[in-house]
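Here is the structure we will look at.
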Amino acid sequence: MSSSDRADIALDWLTVRFPDRDRPALEEVTERIAPGEAVALTGPSGCGKSTLCRTLAGFIPSLLHARVSGEARVAGRSVFETEASHLATRVGLVQQDPDAQICTMRVRQEVAFGPENLCLPSAEVNRRVEAALATTGIAHLADRDTPTLSGGEKQRLAIAAILAMTPRILLLDEPTANLDPAGAKAIFDTLAELHAREERTLVIAEHRLAPLLPLEPRLVVLDEGRVVARRAARRHEDLVALGLRAAWPRQGLPPRTHPGEGVSMHALAFSYGAAPLFEGLSLEIRPGQILGIIGPNGGGKTTLLRLFADLETPNAGRIDRPNGLRVGMVFQHPHQQIFERTVRQELEIEGPLNAADRAALLTAARLEGLEDAAPLSLSLGEQRRLTVATALRTNPGLLLLDEPFIGQDRRNASWIISRLLEARAAGAMIVLVSHDIPLLSSLCDRLLYLGEEAIAGSPQDVFTHLAESGRDAFTPGYWDGDRP
C-alpha cells in the first residue's frame, strides 16, 4: 500500500493558478496528512491557505475557475474526479466568511440543509441538528432568522452546519476569527474533543496558534504558494520570524490635545425587537483618541459602530456630532462595501490617484500586482486591506473599523496599525471593534466592554474590572500563550 493510499489527504505537485494573478496561488505542493492528524496550516496573508482548503473541498476548479495541475486525493479518491455529493460526506469546509456559506433564512434550517440533502431519515436529521447546535453553543438561536445574527453567531452557525454532515475530514479556514474569546475557546475545545474521541482529521488555517496548542498540531507553513516548513507546533518563540501574530508592544502615542469637537452619546438605547442591546449608554470620544470596543458576540459592538455612522437610529437618547464631520467606515464583511470591477477602480472610487501614489499604496498594503484583479476574487485579508486603504483616502475625522485585523499576518496588521496611528496623530477619532484583545490593549487610549453591562474607561481599568468579575477571557492575560 502506497503512502498516498494510507493518507487522508495526499497532494502531489499541486499547482493552482487563477487567471487574474501573475503567480500561482499554490505551486508544486506535495504533502501527506495521516488519518486522525491535526495540522495547523499557517503563513503570511495571501500565501495560499484558503486556496488549499477550497481545492481539497472540491470548490476549485469546479466552482472557482482556475488552472490546476498535479493531484489532490482525499480518502484515496481524486478530488478532481469525485462527485461533489460524494466528497461532501467525507470533507467539510468552514469558510473564512460565514456569509459565503449560509444559504437559508432560519438557523435550524441551515443546520438541517446538508443532512436533508443526503436524504437521511427525519429522525437522524433532527438528531444531528440538535447535536450540532448544542456543540457550538447556539441552541438558543435555533429559531432566529439568519440575517439577524451577529458575525460571531454566523460563524458558529457555519461550523454547526458542517458538523451536522459528520465529515471525517474537517477543513477550517480561520474558524474563530469572528468569535469572542470565550466562544473561540469553546470551539477549539470541541475540535480537540472530536479529534481525540472520533479521530477526525483536522486541517486548520490560522494566523494565531495559541488556541490550537491543546490539539498538538503539526505545523505546515506556506509562503507564496509553496510549503516552506514542516514541524511540530512550538510555543511562540519564533512567531515573529514566521510573520505570524504574537504579543504587541504598546503602540500608543503620548496623549495630545487636538482642537475641535468630539462625538458624544447621551443615554443611548437600542434594541432589535423586544431584546435590548444596551440602555442608558453614554460616552465621548475626542479628536486624537482611539476607542476600542470588545465583548461577547451579539453584545451590540457592530450596532454601536452603525449608530456612530448614523446608519441606525437609536430607540432613545441622542448622538452629537460636529457639523460636516467626514466619516470613514470599514465593515466587518468587506464584500458589503466593494463596488468596482478592479482593485484600481476601487482605490480610486473617491478620486483618481497618480501612478506613483497608486503603486506606493498597493505595495504598502501588499496588493502589488493586483491592480487589475477583481476585488471579490481577492482573499478575505486582501479585501480588508483594500477597504482600509479606501476608507483612509478621504482623511476622515471619524474612522470606524469592524474587525479589520481578521486574515492579517503580523506585517499586514502592523501596516494597518501604522495607518491608524497616523490618523490619530492628525486628530482623527477612531473607533475600533476587535476580538484581538492583546492588540487592542497595546493600541487603544480608551476601552468599552459591551456585554452583560457596559464598562468604559482606560484599558487597564476595564481589564481589571473584567478580571475581578470572572470575565478573564476578555483580558490580555488570558492570551499569554500568544506571547513570544
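Below are the figures for this structure:
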quantity: Share antiparallel - DSSP beta bridges, the chain, percent rounded to 5; calculated: 50
quantity: C-alpha center-to-center spacing [region 67-122, region 312-345] in angstrom; calculated: 34
quantity: Segments 418-425, 104-111, 191-198 sorted - mean Cβ within 10 Å per residue, highest first; calculated: 104-111, 418-425, 191-198
quantity: Longest to shortest principal axis, alpha-carbon extents of region 340-391, angstrom; calculated: 26, 20, 20
quantity: Two-site label geometry, Glu453 and His266: point separation in nm, points 7 Å out along Cα→Cβ; calculated: 2.5
quantity: Ser85 paired with Arg411, simple spin-label distance in nm, labels 7 Å along Cα-to-beta-carbon; calculated: 4.6
quantity: Sorted largest first, extent of region 297-389 alpha carbons per principal axis (Å); calculated: 48, 32, 21
quantity: Inverse mean reciprocal Cα-Cα distance (Kirkwood Rh) of region 1-71, Å; calculated: 12.9
quantity: Where the Cα pairs of region 60-218 fall when distances are cut into 5 Å bins, in %; calculated: 1, 9, 17, 21, 21, 15, 10, 4, 1, 0
quantity: Mean Cβ neighbour count within 10 Å, used as a protection proxy, ranking 287-298, 90-101, 125-136, 12-23 highest first; calculated: 287-298, 90-101, 125-136, 12-23
quantity: Packing-based order for 388-398, 52-62, using average beta carbon neighbours within 10 Å, highest first; calculated: 52-62, 388-398
quantity: Whole-Hz ³J(HN,Hα) from phi, Karplus 6.51 cos²θ - 1.76 cosθ + 1.60, for region 61-77, glycine and proline x; calculated: x, 5, 9, 10, 5, 6, 8, 10, 9, x, 9, 9, 10, 10, 6, x, 10
quantity: Cα-derived Rg over Rh, computed across the chain with Rh taken as Kirkwood radius; calculated: 0.96
quantity: Pairwise label distance in nanometres, Glu116 with Glu371, each label 7 Å out on the Cα-Cβ vector; calculated: 4.9
quantity: Carbon + sulfur, % of accessible area of the chain - ligands and nucleic acids excluded, 1.4 Å; calculated: 49
quantity: log₁₀ of I(q)/I(0) at q = 0.11, 0.21, 0.22, 0.23 Å⁻¹ - region 11-125, Debye sum with one point per alpha carbon; calculated: -0.43, -1.29, -1.37, -1.43
quantity: Translational D in µm²/s for region 333-457 (Stokes-Einstein at 37 °C, 0.692 mPa s, Kirkwood Rh from C-alpha pairs); calculated: 213
quantity: Sites Arg358 and Ala134, calculated FRET efficiency, Cβ-Cβ separation with R0 60 Å, nearest 0.05; calculated: 0.75
quantity: Region 89-180: projected area of the alpha-carbon convex hull, averaged over directions, in nm²; calculated: 5.3
quantity: Karplus 3J(HN,Hα) series, Hz, for region 317-328 with 6.51 cos²θ - 1.76 cosθ + 1.60 (x for Gly, Pro); calculated: x, 8, 10, 9, 10, x, 4, x, 5, 8, 10, x
quantity: Net length gained if the chain between His65 and Asp472 were fully extended (0.36 nm per residue, minus Cα distance); calculated: 142.0 nm
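The values are calculated or read from the model by the stated rules, or taken from the named source; none is laboratory data. All figures in this text were calculated on a predicted structure; none of them were measured in a lab. Neighbour counts are summed over all protein chains in view; Cβ atoms, including those assigned to glycine, are modelled from backbone coordinates with ideal geometry. Just so you know, the surface numbers come from the protein's heavy atoms only, side chains and all, with ligands and any DNA or RNA stripped out. Shrake-Rupley method; radii C 1.70, N 1.55, O 1.52, S 1.80 Å.
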